[in-house]
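Worksheet: one structure, shown below.
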Amino acid sequence: MMMQYYNNKTLVYVDGDFIKATEASTDLYGQSLHYGYAAFEGIRAYKTHNGTRIFKAREHFERLKRSCALANIPFPWDTEQLMRDTYKLLELNKLKDAYIRPLVMCDPNMSLSAPAGVSIVICAWEWAAYFGDKLLSLAVSSYQRPNPKSAPVEAKLSAHYVNSILASTEAKARGFDDAILLDHHDKVAEAPNANIFIERDGKLYTPKTGNILPGITRRTVIELCRVLDIDVIEKELTAIELKNADSAFLCGTAAEIVGIHSVDSIVFPQNWNESIGAVIQRAYKNLVLEKVNYEVII
Ligand code: PMP
């Protein structure tokens with residue numbers, strides 16, 4: 001089913017103005033559309049007892065700025081201003097639980113030269129928090145993550161997402177919920193839109209940065225582990241190590257924290273409810289909802 005992202009009342013943010021989504025347009029002769037030369041973010045806002053709060057807004061806009069820098073895309077905006085404008089966008093659209101999508105597009109130009117100018121668009125739509133107990137069946141993808149020598153993989157660039165779409169589509173066609181991709185050295189990298197953690201002997205492990213998108217949720221999980229006194233080790237992981245784990249979970253802005261049932265039909269032995277992942281899932285939920293988290297405070 002096609003999701004309804006906007007209606008004839010929806011406003012989008014375009015270069016400082018709030019305009020109707022139905023009246024917004026883009027030039028068809030540009031590098032962003034033709035070559036995927038654009039940077040974006042995926043951000044969530046949650047309805048909390050403190051009102052609607054954008055989770056890690058600063059971190060997301062800072063990553064957008066870094067993505068642009070890594071790809072030679074100009075970023076002439078003030079991130080603090082963008083944060084304020086995003087709150088305004090949510091308010092104008094009366095959104096409480098929402099997904100927020102900023103996109104930096106290059107000015108019309110069909111050549112392969114660096115862009116002279118850019119535009120920023122921010123769209124937002126209703127997206128309820130889930131924190132569900134569904135566990136995922138993943139398949140190791142036949143696709144690898146892009147080689148970091150072919151493009152800056154730490155940048156959230158539109159062009160990278162063809163890789164994510166191919167991997168996800170392949171996994172679903174094979175009857176799995178989603179894919180897990182290896183990097184160009186055949187080490188575990190990440191899912192098409194989430195990072196991965198595995199649990200082994202009471203410790204968490206996650207692929208080190210370098211060949212993955214440095215997820216903001218990944219960073220949040222590491223911070224939660226520090227507070228909860230859980231050992232977390234960032235290192236290269238093989239597919240064998242992944243399959244021999246006691247349990248595992250994905251984490252990302254969209255996915256939140258979601259347990260993994262199996263990889264290539266090899267089922268993780270540990271009961272999810274007794275895993276570190278389940279503890280992190282609860283702690284993450286409390287954090288995004290700005291609830292007092294006794295588990296963290298103790
Ligand atoms: N890896 C990839 C490839 C992603 O697209 C995402 C989603 N942005 C993530 C990891 C998770 O990042 P974050 O926690 O910042 O949403």
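The values are calculated or read from the model by the stated rules, or taken from the named source; none is laboratory data. In this text the structure is predicted, and so the values were computed from the model without any measurement. Neighbour counts run over all protein chains shown; Cβ positions are idealised from the backbone, glycine included. When the accessible area is computed, the model is the full protein with side chains, heavy atoms only, and any ligands, DNA or RNA have been set aside. Shrake-Rupley method; radii C 1.70, N 1.55, O 1.52, S 1.80 Å.
Computed quantities for the displayed model
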| quantity | calculated |
| --- | --- |
| Carbon plus sulfur fraction of accessible area for the chain, probe 1.4 Å, in percent | 53 |
| Cross-link reach list, lysines versus LYS187, counting only Cα pairs under 24 Å and skipping chain neighbours closer than eight places | LYS149, LYS156, LYS172, LYS203, LYS208, LYS235, LYS243 |
| Local net charge near TYR13, Cβ-Cβ under 9 Å (Lys/Arg +1, Asp/Glu -1) | -2 |
| Within the chain: Cβ-based charge dipole about Cα centre, in debye rounded to nearest 20 (Lys, Arg +1; Asp, Glu -1) | 340 |
| The chain, Rg to Rh (Cα coordinates; Rh as Kirkwood inverse mean 1/r) | 0.97 |
| Probe 1.4 Å, accessible area per residue of the chain, Å² | 49 |
| Cα gyration tensor, the range 11-125 - rounded (a/c under 1.5), prolate or oblate | prolate |
| Potential lengthening between ASN286 and SER25 on full extension [0.36 nm per residue; Cα-Cα distance subtracted] | 90.1 nm |
| Nearest-10 value in Å² for the accessible area of MET110, using the 1.4 Å probe | 70 |
| GNM result for the chain, Cα springs below 10 Å: residue of SER32, SER265, SER275 fluctuating most strongly | SER265 |
| Whole-Hz couplings from phi, Karplus 6.51/-1.76/1.60, listed for the range 239-248; x for Gly and Pro | 5, 5, 4, 4, 6, 8, 5, 6, 7, 7 |
